[in-house]
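Single-structure report; data block below.
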Amino acid sequence: MSTEQLTKVPFVKKVNIITSNFFVPKIDCYFAENKKEIKAAQRLRYKVFFSERDRKIISLKYFKKDSDRYDQYADHLIVTHRNGKFSKSKVIGTYRLLNSKSARYCGFYSKEEFDIDKMLKSHSNENLLELSRSCIHKNFRKKNVLQYMWKKIHHYILDHNIDVLFGMASFLNEKPEEIKTELTYLYKKFLMDEKIKVKALDKYKINMNIADLNNVSELSIVKNLPTLVKAYLRLGAKIGDGAVTDNIVKTTDIFVYLPYKNISKTYLKKFI
């Protein structure tokens, strides 16, 4: 073999593979596209609503998922997390959205605890959106996951021309006497207008106006409100009349009403 032949080595293109991104955690937020993803959201709901709080609910224990008849008609927003490019994604947050068109087939979830007929009639020609079953995995509650979901919900609101948002929010306490200050504060300061007022069903209703707020600082009351309730109030929400104790999930539920036009644009910019 000649020297000339030896020098003609085939050119090999050098390929740089960037491996740093392989190990960067990633969070995604999107709407579930199939039953598998919906079931993953239902399993998270079960963990947060039941397992995490050490509640032994026999009717759900064997399935390990929180589900009901409204799930098949709703849109399920999910937030997933993975530790790296080759890691498996896990659902760490979810929110259930049920709009007026879909509710024609199943009704609204809130009607199980609240009389919402007056509100529905006053908005009969508008698009409504019920928000429910919101939860975040305990390891991610300080990771702005709620903000990820609200950004996506805002896009949904615009895409579907939503006029009014509503739903239930919960205190993780089934004893109203222990949260009477917070309930009274909400009743006195944020009660819905009488013309559209939603009321807890008589058979479940718990009076919210049950505490003396004299000599109690507003700052201390607000501090003890659930994070989701505080977020709704900052956006401009109003509260229905009466609370309801859920003896299965061990919570005290209140009704939240939020016309999109009433949302504080200043806070909306900060939030989304």
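The values are calculated or read from the model by the stated rules, or taken from the named source; none is laboratory data. All values reported here derive from a predicted model rather than from experimental measurement. FYI the Cβ positions are ideal-geometry reconstructions off the backbone, even for glycines, and counts take in every protein chain you see.
Give ASP193, ASP163, ASP159 a once-over and let me know the one that is over 16 Å from THR245 (Cα atoms) and in contact with a helix residue (DSSP H, G or I) (Cβ under 8 Å, 6 or more places away or on another chain). Answer to the selection: ASP163.
A quick yes/no check of all residues on (1) touching a Leu at 6+ places or on another chain (Cβ under 9 Å); (2) exposed (fewer than 14 other Cβ atoms within 10 Å of the Cβ):
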site	(1), (2)
ILE157	yes, no
VAL164	yes, no
LYS188	yes, yes
LYS195	no, yes
TYR204	no, no
ASN207	yes, no
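Scanning the stretch 125-136 for residues that are part of a loop (DSSP other than H, G, I, E, B) and modelled with pLDDT of 95 or more yields GLU126, ASN127.
Quick one: would you say LEU213 is in the same structural domain as VAL256 (by TED's automatic domain parsing) and surrounded by 18 or more Cβ atoms within 10 Å (Cβ to Cβ)? Answer is no for this residue.
Here is a yes/no grid of residues against (1) of a type in the set (Lys, Arg); (2) in a loop (DSSP other than H, G, I, E, B):
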position	(1), (2)
ASN139	no, no
TRP150	no, no
TYR156	no, no
LEU165	no, no
MET168	no, no
ILE179	no, no
THR184	no, no
LYS197	yes, yes
ASN215	no, yes
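For every residue, the table says whether it meets (1) of a type in the set (A, V, I, L, M); (2) within 13 Å of LYS205 (Cα to Cα).
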site: LEU233; (1), (2): yes, no
site: GLY240; (1), (2): no, yes
site: VAL249; (1), (2): yes, no
site: ASP253; (1), (2): no, yes
site: VAL256; (1), (2): yes, no
site: PRO259; (1), (2): no, no
site: ASN262; (1), (2): no, no
site: LYS265; (1), (2): no, no
site: LYS269; (1), (2): no, no
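For the stretch 1-113, the helices (runs of 4 or more DSSP H) that sit wholly inside it and include 1 or more residues that are modelled with pLDDT of 85 or more and within 30 Å of LYS205 (Cβ to Cβ) are 35-49, 100-103.
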